[in-house]
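First comes the structure, then the notes that go with it.
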Amino acid sequence: MSALWLSLTLGLVAGLADYLGGFLLVRQSPSARALRYFVALGAGFMLAAAVLEMIPEGLHVNPRFAPLLILVGYCAVHLVEHSLVPHFHFGEQTHEHELIAAKTSYSVLLGLATHTFFDGVAIGSGFVLSHWLGWILFFAVFLHKIPEGFTVASVMLAGGRGAATALNSALFLGATTVLGVLVINLEPSWVRVGLPLSAGVTIYVAATDLVPEVNREPGLRMALVFLGGVAVFFILRLLGPG
């Protein structure tokens, strides 16, 4: 399978995980504890992948502007999620005791869609450079997709939207992920900008969105799950090409 079709297929798989997260909330409501394990594992893996793969590769393809683009990616998501979006929780929040204005729920959807687009950009950029990097970035994206779909569906329900709207919102996040993959594949030279930007976005999602959710639960167990995500990255790196 060519890098193009492989990246699009995996982008679709990652996008469907968004829908699965929304479906689990609407139909089954998984426990907050189980979801936190996904969040902790994904945060550790994402942070390791961003620092040890995305940043070095970004510096390799764009040594002059990569540091600035990483910072821009980080700051842009911060601006969207916590300045332009007036209500945002990531992770296990079900918002079941909160009332959220319909307009606010759609602004949260927009904030999440910003970084799901760059999830796709990360996957596409990875496969432009190598199958190894593409697979690593796919796993980094996939691990936080179920909590992401869970989050957007919960916000929609809290905003008075129905189950269909909640599921469609999760599906929309999946579609923006596939769009990000497609954009990079249509113009592979954009990897020089897309990979550093998506590195900044990934660091923000891992360290600013996910880690605080992990820290909400005291004790050693969650810390070990987070470190387990880092360990999984190192195991894959040892098994991968030199």
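The values are calculated or read from the model by the stated rules, or taken from the named source; none is laboratory data. From a predicted model like this one, the values you see are computed outputs, not experimental measurements. Heads up, the Cβs are rebuilt from the backbone with ideal geometry, glycines too, and the neighbour counts pull from every protein chain shown. What goes into the accessible areas is simple: the full protein's heavy atoms, side chains included, and nothing from ligands, DNA or RNA. Shrake-Rupley method; radii C 1.70, N 1.55, O 1.52, S 1.80 Å.
Between helix 66-79 and the chain there is an angle of about 10 degrees, using the helix long axis and the longest principal axis of the Cα atoms. Within segment 171-242, none of the chymotrypsin sites (Phe, Trp or Tyr not before Pro) combine a DSSP coil assignment with at most 15 other C-beta atoms in a 10 angstrom radius.
Its DSSP H runs of at least 4 residues, each contributing -39,500 (n - 2.57), put the calculated 222 nm mean residue ellipticity of the chain at -25000 deg cm²/dmol, to the nearest 500. Summed over the residues of segment 190-242 and divided among them, the accessible surface reaches 51 Å² per residue at a probe radius of 1.4 Å.
The long axis of helix 102-129 is offset from the longest Cα principal axis of the chain by roughly 20 degrees. Quick check for you: which residues of segment 35-72 have the amide N under 15 Å from the point 7 Å beyond the Cα of L224 toward its beta carbon? It comes to 37, 41, nothing else.
Between 0 and 90 degrees, rounded to the nearest ten: what's the tilt of helix 163-186 against the longest Cα principal axis of the chain? It works out to around 10 degrees.
Taking all protein chains in place and a 1.4 Å probe, what share, in percent, of the accessible surface of segment 105-145 do carbon and sulfur account for?
83
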